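Comments concern the structure below.
Any read-out appearing in this document is the output of simple, stated calculations on the displayed coordinates, not a laboratory observation. Computed from a predicted structure; not experimentally measured. Note that each Cβ is placed from the backbone with ideal geometry, even for glycine, and that neighbours are counted across all protein chains shown.
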There are 2 protein chains.
Amino acid sequence: MGASLGLALRERAGTDVVLGVDPDPDALALAASRGAISEACALEDAVARAECVVLAAPVTALPDLAGRVLAASAADTLVTDLGSTKTGIMRSLDGEGRKRFIGGHPVCGGETSGPGAARADLFEGATWFLTPGAEARADLYERLHRMVAAVGARATAIAPEVHDRLMALVSHLPHVLASALVNQAAASAPEGREALDSAGPSFRDLTRVAGSNPELWADILLDNREAVVSEIEALGARLTRAAEALRAGDREWLAAELARGRAAHERLRAPRADAGPGGAITVAVPDRPGALSEIATALGHAHINIADLSLRPGPPGGVGTVVIELAGAGSAERAIALLAERGFAAEPHRAALH
Amino acid sequence: MGASLGLALRERAGTDVVLGVDPDPDALALAASRGAISEACALEDAVARAECVVLAAPVTALPDLAGRVLAASAADTLVTDLGSTKTGIMRSLDGEGRKRFIGGHPVCGGETSGPGAARADLFEGATWFLTPGAEARADLYERLHRMVAAVGARATAIAPEVHDRLMALVSHLPHVLASALVNQAAASAPEGREALDSAGPSFRDLTRVAGSNPELWADILLDNREAVVSEIEALGARLTRAAEALRAGDREWLAAELARGRAAHERLRAPRADAGPGGAITVAVPDRPGALSEIATALGHAHINIADLSLRPGPPGGVGTVVIELAGAGSAERAIALLAERGFAAEPHRAALH
């Protein structure tokens, strides 16, 4: 995914210099030959030169790596990551990290990995979660938001714990399930007819994510184990309820459960409400750490999408403003009301954003 | 699916006359305008004229419908169905039905239904299960096999109980699961961030079948309730095992389970072994009911695919032969050995099939 980001930055976002760091020289050479990086570097060298460092590594490696990178980078360098879980890495940060590290997680499929599978359009239309902490610097958040938007993704701020609970449900549980299902089918052969060879197209869809990298996923699941276990248990309870209804011949409950499922499925397939323009707002941002994080996260939790944002700092210690361009009809009114509840003065923005 | 079969028969199999029967006149008019039927008929009229009657109706309606159709049809008319479960309908048959009714189940996705969604290529490459009973007439089985092959599907004979256990695992359980998952996501909103709106592409794949018709599916699940409950329980045990491993931090087990899942997934995606020609065999068929059913079902359970078959009846009460053209390298040798174990004399066929 690191190579896809390099490609997207260079081909779509007009970024000339993308420095590549990897312990595997073959991966670096391949990334360079595909144009995903402009130059292969040693870590300390790359980090010292970078405005923005993106860590694309297994989740277990991220805390140490983030510490090394924060120590080696300049005082104005943003550090972010692409990890699938966010609580662990955010909790591991020290004082400097809490200011300059902002977690990230682009939600985009892709069973394959490595620079050979890199695609410049991987992030187009994808949700890219950002987890700015309570001390995150506003200017670095703005920089990260711009980078994410520049590769076509929708930046959405979220609290790390909320992110991990959501991912437990919509990503980690499905991975566990797909594996369990396909293993159950592989182990079953009634009267010699192997179940796996009888699977139709819907089974193939359902188990597609079972093709993911087992080592990476074992780490992701363990990193988020509490939330994953809780979702497994909730699903187990739902399945038990369905089995009871089947045993009791309770057609009414079954049809109602399936109808609820279809309604939720239709909602999932509907075009996103945040597709169109939603107007711009101006919000007063007190000069304290994390004020912008709080604003962005409040909007993110409410599914109000920020298309672009632009900081206008105030006097030192005073109040600045941020102009936020929103997506989705009615977003400006909702955002103003929501921010007022949290004590932020927000109003419609009259002039053009830039 | 009835309309898709009509289209496929008329556009791809060279069948001129397809008589359509439906209680809904609008559905019939639409089927006629799309070319899926050549003529709309009353049931008794259509059945009296047909060589082959295909029942496309909800599984709960099939036993009564099959009884009516068998009573109204001629002594040489084949009756079959497209139902997703097979044990119930096969057990409901009377003496005449056991000779002339052969169950069918084309395994092809499609969330949408009705003549408006009909597609002539729906069956191309699909597995089409056939459940010939122990008294099924060989000539009618041959006729059904030809029809299925003519629309591009792979006819595969299977015992009804084996079919229903397999479908419980590879189709019915996935439907229950997709509903449960999407309902769990719809019901969850940690700190106001709705889970369903955070779902990425893998969740969408996994819950696609949640869009199926709830009323039809409630009946399918209930019709196969014993097998479905048993698969739900087996999956529950697998999920419990995964939750235990997560709680215990057992990375080794998790990575191994995920690796097994990936291997099974790769096998599922691999091109089918039965794609190429597999040679032809000649099998002696005693003139007793169900002999051909037994041969076809034995091959079906062993995943030996019959591309075509051609009966050459013997003298009344004596032994005829069937020439079976197989698909998949090495199939002829496997089939001959398997049939010998079951007391059928089989040998390689030397001449061309037709």
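A few notes on this one:
- The orientation-averaged shadow of the Cα convex hull for the range A:215-331, equal to a quarter of the hull surface, comes to 11.9 nm².
- When you work out D = kT/(6 pi eta Rh) for the range A:209-271 at 25 °C and 0.890 mPa s, using the Kirkwood radius from C-alpha pairs as Rh and the Stokes-Einstein form, the result is 170 µm²/s.
- Fewest-first ranking of A:Leu239, B:Leu246, using other Cβ atoms within 10 Å as the exposure measure: A:Leu239, B:Leu246
- For the range A:76-92 versus the range B:92-141, the gap between their alpha-carbon centres in whole angstrom: 55 Å
- Within straight-line cross-link reach of A:Lys86, lysines at Cα separation under 30 Å, skipping those fewer than 8 residues along the same chain: A:Lys99
- Amide hydrogen neighbours beyond the local backbone of B:Val285, cut-off 5 Å, H modeled: B:Gly320, B:Thr321, B:Val322
- HN-Hα J in Hz across the range B:38-44 - Karplus 6.51, -1.76, 1.60, θ = phi - 60°, x for Gly and Pro: 8, 6, 8, 9, 7, 4, 4
- Label point of B:Arg119 set 7 angstrom out along Cα-Cβ; within the range B:12-42, amide nitrogens under 16 Å from it belong to B:12.
- Computed over the alpha-carbon atoms, the range B:277-348 gives an Rg to Rh ratio of 0.94, Rh here being the Kirkwood radius from the mean inverse distance.
- The value given for chain B is a Kirkwood hydrodynamic radius of 22.3 Å, derived from the mean inverse Cα-Cα separation.
- Put simply, the C-alpha atoms of the range A:164-269 give a gyration tensor, and the ellipsoid matching it has half-axes of 24, 22, 14 Å, longest first.
- FRET efficiency for the pair A:Ser33 and B:Glu161, taken as 1/(1 + (r/R0)^6) with r the Cβ-Cβ distance and R0 = 45 Å, rounds to 0.20.
- Other protein chain Cβ atoms within 10 Å, averaged over every residue that makes up A:123-129: 1
- As a proxy for reagent exposure, B:Thr60, A:Thr207 were ordered by neighbouring Cβ count within 10 angstrom, fewest first; the result is B:Thr60, A:Thr207.
- Inter-chain Cβ neighbour count for A:241-250, averaged per residue, equals 5 (cutoff 10 Å, partner chain atoms only).
- Per residue, the convex hull spanned by the Cα atoms of the protein assembly as shown measures out at 181 cubic angstrom.
- Diffusion coefficient (Stokes-Einstein, Kirkwood radius over C-alpha pairs, 37 °C, 0.692 mPa s) for the range B:1-127: 221 µm²/s, rounded to a whole number.
- Inter-chain shielding of B:301-308 (mean C-beta neighbours from other protein chains, 10 Å cut-off): 2
- Residue-normalised convex hull volume from the C-alpha trace of the range A:74-201: 142 Å³ per residue.
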